[in-house]
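Asker: Dropping the structure in here first, questions after.
The values are calculated or read from the model by the stated rules, or taken from the named source; none is laboratory data. On a predicted model such as this, the values are computed, not experimentally measured, just so you know. In this analysis, Cβ positions are derived from the backbone assuming ideal geometry, glycine residues included, and neighbour counts consider all displayed protein chains.
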Amino acid sequence: MVAEAAGRNLVPCVLELGGKSPAIIDETSDATLAAKKVLFGKMPNYGQVCIAPDYVLCHESKVDEFIESLKSNLENAYGNCETPADSGKIINEFHYNRICDLFKDHDGEVLIGNPNTFHDRNLKPSLILNPSKDSELMKDEIFGPIFPLITYKSLDEAIEYVGELEKPLVVYYFGDKDGENYKRVLEETSSGSLVVNDTIYQILNTDLPFGGVGNSGYGRYHGISGFKTFSNMKSVLVKPPLDVFPFNMVFPPYTESRKNLIVTILDAGVVTQN
């Protein structure tokens, strides 16, 4: 709607949106630390952050380690999340009900939490193992404290999963920063940002260009990129006031001698002809 309104009035705009940003946990990762960092990235503002990891793609060899770490870190950091004071709450009733509806027909296994009848828009953080790719949970950005966890056997599966969804604002990768898997994620996924072995810190670097691609937005800001984005470049051409040969040969009338001279200049490559 913003882009449409701006377009009607020829107003330039930058769209920094969001989307389903994945966290890829590969077989070379420290899955215990990865779970702690995914939790750290997901829980600010109770998941209502554009750069929060939306879902996790975890190599099957690291699933148990990741789940146990997420459980222990969640309990250690937020307790039982029995009240909004312990955790957080969803911004309004509409979005509270929207998030609760995501628990319907996802065909996954709820390992932590569940939607509840708490008042004041509070719900427990939840971890759902292998929900259906066709479920509402996996179609749109969650924007809340739900962690879908998808297991995979080969990196091909993970990259394909990311590629079949709309391009995210960020891809989080956990694994060997010098390994082949990292290189493949870098080259074979498309996102506004790629963060290795951490979450959400890309927004804190004021010199690192930040923004989306495709459905996650367009344009970049921070540092020199922000200056360029929010400035209008003016092109200025200044020439000396010379009305002498050979500069005045470009003006008509184009006599034979003048045309021959122009052709000679073009053939010599002095002027590039479109």
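Asker: Would you pick out the residues in segment 145-155 that are under 20 Å from the mean Cα position of the chain (by Cα) and either crowded, with 23+ Cβ neighbours inside 10 Å or more than 21 Å from A35 (Cβ to Cβ) (or both)?
Answerer: Residues satisfying the conditions are P145, I146, F147, P148, L149.
Asker: Okay, moving on. Condition check: within 23 Å of the chain's Cα centre (by Cα), of a type in the set (K, R), modelled with pLDDT of 95 or more and surrounded by 19 or more Cβ atoms within 10 Å (Cβ to Cβ). Does K62 satisfy that?
Answerer: no
Asker: Mind checking which pairs have a first residue in segment 131-152 that is part of a helix (DSSP H, G or I) and a second that is surrounded by fewer than 21 Cβ atoms within 10 Å (Cβ to Cβ), Cβ under 6 Å, 6 or more apart or different chains?
Answerer: Close Cβ pairs (under 6 Å, with a partner that is surrounded by fewer than 21 Cβ atoms within 10 Å (Cβ to Cβ)) amount to L137/H106.
Asker: Here's something else I'd like to know. D198 fails exactly one of the following numbered conditions: (1) at pLDDT below 95; (2) surrounded by 15 or more Cβ atoms within 10 Å (Cβ to Cβ). What is the number of that condition?
Answerer: Unmet condition: (1).
Asker: Which one is surrounded by the fewest Cβ atoms within 10 Å (Cβ to Cβ) among residues in segment 201-219 that are assigned to a loop (DSSP other than H, G, I, E, B) and in contact (Cβ under 8 Å) with a residue 60 or more places away in the chain?
Answerer: The extreme case among them is G219.
Asker: Let me ask you something else. For K177, are the conditions met, namely being among the basic types (K, R) and part of a helix (DSSP H, G or I)?
Answerer: Judged against the criteria, K177 is not a match.
Asker: S257 passes all but one of (1) loosely packed, with under 11 Cβ neighbours inside 10 Å; (2) within 21 Å of G41 (Cβ to Cβ); (3) hydroxyl-bearing (S, T, Y); which number fails?
Answerer: That leaves (2) as the condition not met.
Asker: Within the set of pairs 6 or more residues apart or between chains, which connect a residue that is at negative phi inside segment 18-38 to a residue that is at pLDDT 95 or above and of a type in the set (K, R) with Cβ atoms less than 6 Å apart?
Answerer: Hits for this filter: I25/K62; A31/K62.
Asker: Same structure again: Out of everything in segment 6-43 that is among the polar types (S, T, N, Q) and touching a strand residue (DSSP E or B) at 6+ places or on another chain (Cβ under 6 Å), what residue ends up being surrounded by the fewest Cβ atoms within 10 Å (Cβ to Cβ)? Write out each step before concluding.
Answerer: Here is the first cut: in segment 6-43, the ones among the polar types (S, T, N, Q) are 9, 21, 28-29, 32.
Right, trim to touching a strand residue (DSSP E or B) at 6+ places or on another chain (Cβ under 6 Å) and you get 21, 29.
On the way: S21: 28, S29: 23.
For segment 6-43, the residue satisfying everything is S29.
Asker: Shifting gears a bit: On the basis of being surrounded by 17 or more Cβ atoms within 10 Å (Cβ to Cβ), in the same structural domain as V49 (by TED's automatic domain parsing) and at pLDDT below 95, does P168 make the cut?
Answerer: So P168 fails the test.
Asker: Looking for something under 26 Å from the mean Cα position of the chain (by Cα) and of a type outside the set (F, W, Y) - is there at least one such residue anywhere in segment 113-120?
Answerer: no
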